[in-house]
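Participant: Please see the structure below; I have some questions.
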Amino acid sequence: MTSATVAAADLGASSGRVMLARVGPGRLDLTEVHRFANVPVRLPGGLHWDVLRLYRDVLDGLRRAGRACADGETPASVGIDSWAIDYGLLDADGALLGNPFHYRDTRTDGVAATVHQRVGERDLYDVNGLQVLPFTTLYQLTTEPPARLGAAAHALLIPDLLTYWLTGDRGTEVTNASTTGLLDVRTGDWATTVFARLGLPPGLFGPLRRPGDVVGPLLPDVRDDTGLTAGTVVTAVGSHDTASAVVGVPAADENFAYISCGTWSLVGVELDAPVLADAGRAANFTNEGGVDGTVRHLRNVMGLWLLSESIATWNRHGPPADLP
């Protein structure tokens, strides 16, 4: 293995960062070149991600990554991961049809029960292996106004949307696709029967990419903005941040459990195949795609969201009077 310098953008639900990594035999040097807040915006139509600000921060981070390289060096590759589930809709010309909704927006309240009248909960679990979370992509899509969904030629999950703006290439990375509820957990392909039963356009999401697939070079305007060269490409990673976190666990063998702690905390194991038993469904265990074709069998538990929301409230209004 030869040495390489790469840049990684890691976007969480409350903050993001761009890292410069130098990788070689027995070596991994990480330098944080840019850290930034991820603050949602409440509009009259609901709670949204400020995705243009996030993209601006990714570009700023890539520019700083280039400047942090040694003389004559440039990042060979860029990778992006983020939280799961949320997406942007694009029209036929590739223009964004409004800011992506935040998964905590209330528009999906009660929608799961309506969906399950069309596709039973057990039937869905047998196909996608996912726990019932009302903000999963398939539930969000069923709340889209018909005119907006009809105008959409493409849907891109958040890392894929930013990758599209960097490269001009549309696709869907498979670990994040596995969280949409629209991927067949057994075959790893789009679940066309679920699209059909929910009345969703079957070609809405782009072709699937695997971690390690080279997406393509940076667009000329991106190179001008960041100072990176034509030799820098964007490479698909485990774009669901938990997939990337778990593949980095320094386990001694395949029999390990993990706790990934962030805005959400995930507790689980990595398996070769999904577990689709009724007991797992009843206990709200989920099966998400991992790097190299693995399955992350896990439970979502409360993470640091309460802490981050408390800090945001205290910054706005001051801490409670009785806080020690």
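We did not get these values from a lab; they are worked out from the coordinates using the rules stated. Owing to the predicted nature of the structure, the values given are computational and were not obtained by experimental measurement. With ideal geometry, Cβ positions are generated from the backbone for all residues, glycine too; neighbour counts draw on all protein chains shown.
Participant: Looking only at Cα atoms, what is the convex hull volume of region 68-185 per residue, in Å³? Before the final figure, lay out each step's value.
Facilitator: Details: hull volume 15.6 nm³, N = 118.
In region 68-185, the Cα convex hull volume per residue is 132 Å³.
Participant: If you line up the long axis of helix 158-167 against the longest principal axis of the chain, both from Cα atoms, how many degrees apart are they, to the nearest 10?
Facilitator: The angle comes out near 40 degrees.
Participant: Quote the charge dipole size of region 152-305 about the Cα centre in Debye, to the nearest 20; the model charges only the Cβ of Lys and Arg (+1) and of Asp and Glu (-1).
Facilitator: That gives region 152-305 a dipole magnitude of about 400 debye.
Participant: Using the Cα atoms as the points, what is the convex hull volume per residue of region 4-317 in Å³?
Facilitator: Given the Cα convex hull of region 4-317, per-residue volume reads 140 Å³.
Participant: If you don't mind, there's one more thing I want to ask. Please list the non-local residues whose amide H lies under 5 Å from the amide H of ASN38, H modeled 1.01 Å from N, same-chain partners needing a gap of 5 or more.
Facilitator: SER15, GLY16
Participant: For region 1-132, what is the convex hull volume of the alpha-carbon atoms per residue, in Å³? Don't jump to the answer; show the numbers that get you there.
Facilitator: Numbers: hull volume 23.9 nm³, N = 132.
Here the figure is 181 Å³ per residue.
Participant: Let me ask something else. Going toward the positive end of the dipole of region 4-317, with +1 on Lys and Arg Cβ and -1 on Asp and Glu Cβ, which of VAL41, VAL58, ALA9 do you reach last?
Facilitator: VAL41
Participant: With only Lys, Arg, Asp and Glu charged, each at its Cβ (+1 for the first two, -1 for the last two), find how big the charge dipole of region 4-317 is about the Cα centre; round to the nearest 20 debye. Mind dumping the intermediate values first?
Facilitator: Values: 25 positive and 36 negative charges, 121 e Å.
Around 580 debye, computed over region 4-317.
Participant: Return one quarter of the surface area of the convex hull spanned by the alpha-carbon atoms of region 165-324, equal to its mean projected area, in nm². Could the numbers behind the result be given before it?
Facilitator: Numbers: hull surface 60.7 nm².
It is 15.2 nm².
Participant: Taking amide H positions as placed 1.01 Å from N in the peptide plane, with prolines and chain starts having none, which residues 5 or more places from THR263, or on another chain, fall under 5 Å of its amide H?
Facilitator: ALA13, LEU304
Participant: For the Cα atoms of the chain, what angle does the longest principal axis make with the long axis of helix 51-68, in degrees from 0 to 90, nearest 10?
Facilitator: In the chain, helix 51-68 runs at an angle near 30 degrees to the longest axis.
Participant: Here is a follow-up. Please list 3J(HN,Hα) in residue order for region 80-87, calculated via the Karplus relation 6.51 cos²θ - 1.76 cosθ + 1.60 where θ = phi - 60°; whole Hz, with x for glycine and proline.
Facilitator: 10, 10, 7, 4, 9, 6, 6, 8
Participant: Relative to the longest principal Cα axis of the chain, at what angle does helix 305-317 sit, 0 to 90 degrees, rounded to 10?
Facilitator: The answer is roughly 70 degrees.
Participant: Enumerate by residue number the chymotrypsin sites (Phe, Trp or Tyr not before Pro) in region 202-276 meeting two conditions: DSSP loop (anything except H, G, I, E, B), and at most 13 other Cβ atoms within 10 Å of the site's Cβ.
Facilitator: Of the chymotrypsin sites (Phe, Trp or Tyr not before Pro), the ones in loops of region 202-276 whose Cβ has at most 13 other Cβ atoms within 10 Å are PHE256.
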